[in-house]
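K.L.:
For reference, the structure I am asking about is given below.
Read-outs throughout are calculated quantities, based only on the coordinates presented, and are distinct from any laboratory measurement. Since this is a predicted model, take the numbers as computed values, not measurements. All Cβ positions, glycine included, derive from the backbone under ideal geometry; neighbour counts span all protein chains shown.
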Amino acid sequence: MTEHLVEPRVPRDLKAFIAGLPKAELHVHHVGSASPRIVSELAARHPDSKVPTDPRALAEYFTFTDFAHFIDVYLSVVDLVRTPEDVRLLTYEVGRELARQQVRYAELTITPFSSTRRGIDERGFMDAIEDARKAAESEFGTVLRWCFDIPGEAGLQAAEETTRLATDDRLRPEGLVSFGLGGPEIGVPRPQFKPYFDRARAAGLRSVPHAGETTGPQTVWDALNDLGAERIGHGTSAAQDPELLRHLAERRIALEVCPTSNIATRAVTDLDEHPLKDFARAGVLVTVNSDDPPMFGTDLNNEYAVAARLLGLDERGVAELAKNAVEASFLDQAGKAALAAEIDRYTTSWLAR
């Protein structure tokens with residue numbers, strides 16, 4: 001899986017600029033970030049799994065026919081994470097990979113229900129992600145924070161369990177900052193999750209549900225009105241509703257855009273038809289993200305190159321896109337100012353070469 005699913009075809013210098021650019025990543029999934037090396041290692045630990053142990057065979061395994069097929073494959077990889085040691089390994093290696101791409105700050109979406117229902121001890125799970133978080137920051141310099149998300153396909157039992165894990169002071173990890181909702185959207189209406197988001201928000205967590213990825217703009221409205229969304233995961237269908245675009249732009253509610261993911265899952269049929277351009281024209285705050293990068297044959301650097309191609313951006317434009325993610329993040333103001341300043345210094349130095 002060395003070739004990118006979507007090749008952006010941007011100038012070599014711009015690719016090099018992106019590779020060194022300090023970044024924040026706001027929409028990337030924990031299990032979905034497992035590299036082929038880590039997936040094959042986990043599969044070897046658990047030989048009853050149907051997941052291939054040969055990293056080369058994973059490229060074919062990670063070729064999706066539609067969003068439902070993607071969910072099936074994703075859950076098969078989730079099933080490889082069975083012990084706190086598996087959790088720690090995965091989390092630490094995700095931190096390493098983010099650091100390689102000059103990611104200074106990342107909000108990693110974690111679905112604890114998927115692990116605890118498979119028998120991983122709750123305390124063991126929390127300790128594993130926190131130990132990996134601290135090690136990644138100490139060794140790689142990358143700050144990790146968590147978004148606990150409800151797997152929508154698992155229903156209200158999963159919602160209740162996820163909310164409990166996110167709000168119980170005895171279990172809630174130090175790095176937890178937000179609360180989300182993932183999985184399929186079709187047949188999983190957002191309003192039913194309002195009581196759980198109300199509880200999470202009352203506990204100080206920020207609201208970042210997926211919406212409008214495979215359903216229409218009403219799902220985004222529901223996420224805003226019922227779940228108090230402060231950012232929207234994907235939101236691709238928002239481009240169909242001019243009033244919604246105005247609402248998002250006026251309130252600086254960011255869309256976490258993941259172009260290659262949308263192509264891989266067939267949420268968008270062709271890259272040139274991706275609504276990123278519509279969002280930019282409407283003045284919506286957009287951030288560029290990798291979602292489930294190894295599964296989609298991409299990484300965050302590639303997603304920035306894809307966005308640069310779609311929007312016709314040069315180095316300064318790409319730097320502003322990176323600063324969008326800083327603005328939309330849940331970093332404190334001092335952290336935001338420091339990372340934005342680092343982006344500016346890097347850009348100024350690059351252009352002065």
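K.L.:
Taking the C-alpha atoms of the chain, how large are the radius of gyration and the largest Cα-Cα span, Dmax, in Å?
P.N.:
For the chain, the Cα-based Rg and Dmax read 18.8, 56 Å.
K.L.:
Percent relative contact order of the range 18-105, based on C-alpha pairs within less than 8 angstrom and at least six residues apart?
P.N.:
Normalised by residue count, the contact order of the range 18-105 is 47 percent.
K.L.:
Once amide H atoms are placed 1.01 Å from N in the peptide plane, what residues at a sequence separation of 5 or more from Glu25, or on another chain, have their amide H within under 5 Å of its amide H?
P.N.:
HN-HN under 5 Å from Glu25: Tyr105, Ala106, Glu107.
K.L.:
With θ set to phi - 60°, apply the Karplus curve 6.51 cos²θ - 1.76 cosθ + 1.60 along the range 125-142 and write out the HN-Hα couplings as whole Hz, x wherever there is a Gly or Pro.
P.N.:
Going residue by residue, I get 5, 4, 5, 5, 5, 5, 4, 5, 4, 5, 5, 5, 5, 5, 8, 10, x, 9 Hz, with x marking Gly and Pro.
K.L.:
Measure off 7 Å from each Cα along the Cα-to-Cβ vector at Trp350 and Asp272, then give the distance between these two points in nanometres to one decimal.
P.N.:
2.7 nm
K.L.:
Per the Kirkwood definition applied to all pairs of different Cα atoms, how many angstroms is the hydrodynamic radius of the range 72-214? The partial results should precede the final answer.
P.N.:
Details: mean 1/r = 0.0646 Å⁻¹.
Mean inverse Cα-Cα distance, inverted, gives 15.5 Å.
K.L.:
Using a cut-off of 15 Å between beta-carbons, work out the net charge of the residues near Val177 (Lys and Arg +1, Asp and Glu -1, Val177 not included). Intermediate results must be reported in sequence, preceding the final value.
P.N.:
Values: positive: Arg133, Arg145, Arg172, Arg201, Arg206, Arg231, Lys336; negative: Glu25, Glu107, Glu130, Glu137, Asp149, Glu174, Glu230, Glu256, Asp332.
Computed value for this residue: -2.
K.L.:
Kindly give Rg over Rh for the range 257-349, based on alpha-carbon atoms, with the Kirkwood expression for the hydrodynamic radius.
P.N.:
A ratio of 0.98.
K.L.:
Residue-wise, which Karplus ³J(HN,Hα) couplings in Hz belong to the range 189-200, taking 6.51 cos²θ - 1.76 cosθ + 1.60, θ = phi - 60°, and x for glycine or proline?
P.N.:
x, 5, x, 5, 9, 4, x, 6, 5, 4, 5, 5
K.L.:
Pop a pseudo-label 7 angstrom from the Cα along the beta-carbon direction at both Arg12 and Glu139 and give the gap in nm to one decimal.
P.N.:
3.4 nm
K.L.:
Can I ask one more? When we measure straight from the Cα of Lys23, which lysines land under 22 angstrom away, once same-chain ones fewer than 8 places off are left out?
P.N.:
Lys15, Lys134, Lys277, Lys323, Lys336
K.L.:
Also, I was wondering about something else. So how far, in whole Å, is the C-alpha centre of the range 120-198 from the one of the range 207-231?
P.N.:
Distance between centres, Cα-based: 18 Å.
K.L.:
Take every DSSP beta bridge whose two residues both sit in the range 12-351, then give the antiparallel share in percent to the nearest 5.
P.N.:
Details: 0 of 28 bridges.
Counting only bridges with both partners in the range 12-351, antiparallel ones make up about 0 percent.
K.L.:
To continue, here is another question. What distance in nm separates the two pseudo spin-label positions at Asp121 and Arg252, each 7 Å out from Cα along the beta-carbon direction?
P.N.:
4.5 nm
K.L.:
Oh, and also: Given an 8 Å cut-off on Cα distances and at least 6 residues of separation, report the relative contact order of the chain as a percent.
P.N.:
The normalised contact order for the chain reaches 21 percent.
K.L.:
Sorted by average packing, counted as other Cβ atoms within 10 angstrom per residue and highest first, what order do 18-28, 308-318 take?
P.N.:
Packing order, densest peptide first, comes out as 18-28, 308-318.
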